[in-house]
Structures are given as structure tokens and as C-alpha cells.
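What follows is calculated from the coordinates using simple rules that are stated; it is not laboratory data. Note that the structure is predicted; figures quoted are calculated from it, not measured. Neighbour counts run over all protein chains shown; Cβ positions are idealised from the backbone, glycine included.
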Amino acid sequence: MKVIVDRNLCIGAASCVAIAPNTFRLDEENKAVVVDIKATDKDTLIAAAQSCPTLAITVIDDDGTQIYP
Ligand code: SF4
């Protein structure tokens, strides 16, 4: 699994942090960063990505397949 946050799209809405607080954190610029991808299960990571209002979070499977969006 790989999770990428597009900093240009992130508006700091923090819904990803609310859903997966052990994986996402807001940095000093109020942009989400991935701190620990292994701290959250796959379904929750996808739910966090789906919660992002700007589609800033991309989730990629181990085989390189883009799961979301
Ligand atoms: S939900 Fe999207 S916009 Fe909000 S902090 Fe996370 S990545 Fe940024």
C-alpha cells in the first residue's frame, strides 16, 4: 500500500486525520502528511481518502494498482 497526499490540493480539512489519526497528521502549513501507513488498515485508509473533499489522497495497492480515486 502507498498513500500520497497532493499538497497542492489539500485544504487542511482534516477529515483524513479524523478517520485515520495514526496515519495522517497536519503539518505546520496545515497540509496533511502521511506519518505511518501501517498504523491503519486498508479499508480505513480508503475511507479516509474518500472523505477528502478535494480528492487530495491517492491510494495505491502493493501491485501498483490505483485503488482511489
Ligand atoms: S481530508 Fe484532504 S484536504 Fe483534508 S487534510 Fe486530508 S488530504 Fe487535506
(request) Would you mind calculating the gained length between ALA18 and ALA39 on full extension (0.36 nm times residue separation, minus the Cα-Cα distance), in nm to one decimal? (result) 6.2 nm
(request) Among MET1, ALA18, GLN66, pick out the residue whose Cα is farthest towards the positive end of the charge dipole of the chain, where Lys and Arg carry +1 and Asp and Glu carry -1 on C-beta, about the Cα centre. (result) ALA18
